[in-house]
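Peer 1: Take this structure, written in structure tokens, and hold onto it; I'll ask about it next.
The values are calculated or read from the model by the stated rules, or taken from the named source; none is laboratory data. All of these numbers come straight from a predicted model, not from anything done at the bench. Here the Cβ positions follow ideal geometry from the backbone for every residue, glycine too, while neighbour counts run over all protein chains shown.
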Amino acid sequence: MTTEHTTDLTGEVVDSLERTADARLRELLTALARHLHDFVRETEPTMAEWERAIGFLTATGQMCTDTRQEFILLSDVLGVSMLVETINGHREPGATESTVLGPFHMTESPVRALGANIDLMGTGEPCVVSGRVLAPDGTPLPGAVLDVWQADPEGFYDVQRPDVQPAGNGRGLFTADADGHFWFRSCVPSPYPIPTDGPVGKLLKATDRHPYRPAHIHFIASADGHAPVTTHIFVAGSRYLDSDAVFAVKDSLVQDFAETDDPSLAREFGVPNPFRYARFDLVLEPV
Ligand code: BEZ
Ligand code: FE
């Protein structure tokens, strides 16, 4: 087919979408058809390649269950999740930047009192995480809610190893105090590989990419009258900060987990001395 014919074909497909009642759906499908056709014109896949691509997408769908979302993983490793997140993220200067949700926020975090230890196994290097939830002008947001989740020191979330970890390990739902202050205890997170036993793992292998994410803790922070933010804090100095498998690192989210040798502070926090201490504020944009 000449380019002229394939352009006609694209026009026909676009015309076929014209009666779509939902204007946004029409816009999305029209752009999808145009971009897909341009992709095919540019790369000219063979029939065998086309069948392989369909097979890959089929296998991706077949890998999805209630506890495994291979399509989100595919979107993550292609940088699409991060692009969507950034486009929808908050732009007010000083507001905490967002990053990907990831596939492991799939259970409700247990409600915990400020100061609780979310490392139920007690196997990791103890750390204290504290800070305040603030508006961009520095006003504290009392009663802000923080949903927190992290992998264990071996790099697994509770839902990945229900036979090894108690449900809720590494998770907590905290409410900030009257000064917008929050704190909890945990263990220093470790880098870990995203799941590689499915089609996305094959894609990473075929493209000579590693599957690792730098050490991080996930947060969703929300407060009345403010836009919630889905984000992480990354451990300064962690391996893979410059090559996150899902492209989710933003410099503003990298925080020191400072080595702290202070017996009286350790006693106050109820952690063994020395311990690692991460302090940062979360800033939410008003709506
Ligand atoms: C996570 O950080 O939990 C995650 C994010 C994207 C893909 C896989 C895992
Ligand atoms: Fe994670």
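Peer 1: Within segment 34-54, can one find any residue that is outside any loop (DSSP other than H, G, I, E, B), in contact (Cβ under 8 Å) with a residue 60 or more places away in the chain and either closer than 30 Å to D244 by Cβ or more than 27 Å from the chain's Cα centre (by Cα) (or both)?
Peer 2: No.
Peer 1: Also: Assess whether G143 counts as being free of Cβ contacts under 8 Å to residues at least 12 places away in the same chain and on the phi > 0 side of the Ramachandran plot.
Peer 2: No, not satisfied.
Peer 1: How many residues are in a strand (DSSP E or B), closer than 16 Å to R185 by Cα and β-branched (V, I, T) if we restrict to segment 241-287?
Peer 2: 1
Peer 1: Does V229 count as within 14 Å of ligand 2 (Cβ to nearest atom), surrounded by 19 or more Cβ atoms within 10 Å (Cβ to Cβ) and within 23 Å of G94 (Cβ to Cβ)?
Peer 2: no
Peer 1: Only residues that are charged (D, E, K, R) and either crowded, with 19+ Cβ neighbours inside 10 Å or outside the structural domain of P93 (by TED's automatic domain parsing) (or both): list them for segment 120-147, please.
Peer 2: Within segment 120-147, R132 is the sole residue that qualifies.
Peer 1: Oh, and also: Are any residues in segment 236-248 over 22 Å from E92 (Cβ atoms) and either at pLDDT below 95 or within 13 Å of ligand 1 (Cβ to nearest atom) (or both), and if so, which ones?
Peer 2: S238, Y240, D244, A245, V246, F247
Peer 1: Would you pick out the residues in segment 123-135 that are hydroxyl-bearing (S, T, Y) and part of a strand (DSSP E or B)?
Peer 2: Answer for segment 123-135, where residues must be hydroxyl-bearing (S, T, Y) and part of a strand (DSSP E or B): just S130.
Peer 1: OK, next. Does segment 63-75 contain any residue that is at pLDDT 95 or above, over 30 Å from Y212 (Cβ atoms) and out of contact with any His (no Cβ under 8 Å at 6 or more places or on another chain)?
Peer 2: No, segment 63-75 contains no residue that is at pLDDT 95 or above, over 30 Å from Y212 (Cβ atoms) and out of contact with any His (no Cβ under 8 Å at 6 or more places or on another chain).
Peer 1: I've got another one for you. Just one of (1) of a type outside the set (G, A, S); (2) within 22 Å of H210 (Cβ to Cβ); (3) within 14 Å of ligand 1 (Cβ to nearest atom); (4) not assigned by TED's automatic domain parsing to the domain that holds H232 trips up T99, so point out which.
Peer 2: It fails just one condition, (4).
Peer 1: Still on this structure, please answer the following. Which of the following residues is touching a residue at least 24 places away in the same chain (Cβ under 8 Å) and at positive phi: G198, G170?
Peer 2: Every option except G170 fails the conditions.
Peer 1: While we're looking at this one, here's another question. Among the listed residues T86, T10, which satisfies the condition of being in contact (Cβ under 8 Å) with a residue 12 or more places away in the chain, part of a helix (DSSP H, G or I), in the same structural domain as D197 (by TED's automatic domain parsing) and more than 16 Å from ligand 2 (Cβ to nearest atom)?
Peer 2: T86
Peer 1: Looking at (1) more than 14 Å from ligand 1 (Cβ to nearest atom); (2) surrounded by 20 or more Cβ atoms within 10 Å (Cβ to Cβ); (3) not aromatic (F, W, Y), can you tell me which one N117 breaks?
Peer 2: Looking at each condition in turn, N117 falls short on (2).
Peer 1: Now a separate question. Of everything in segment 130-176, what is touching a Phe, Trp or Tyr at 6+ places or on another chain (Cβ under 9 Å), among the charged types (D, E, K, R) and away from ligand 1 (no atom under 16 Å from the Cβ)? Give them in sequence order.
Peer 2: Within segment 130-176, just R132 meets the criteria.
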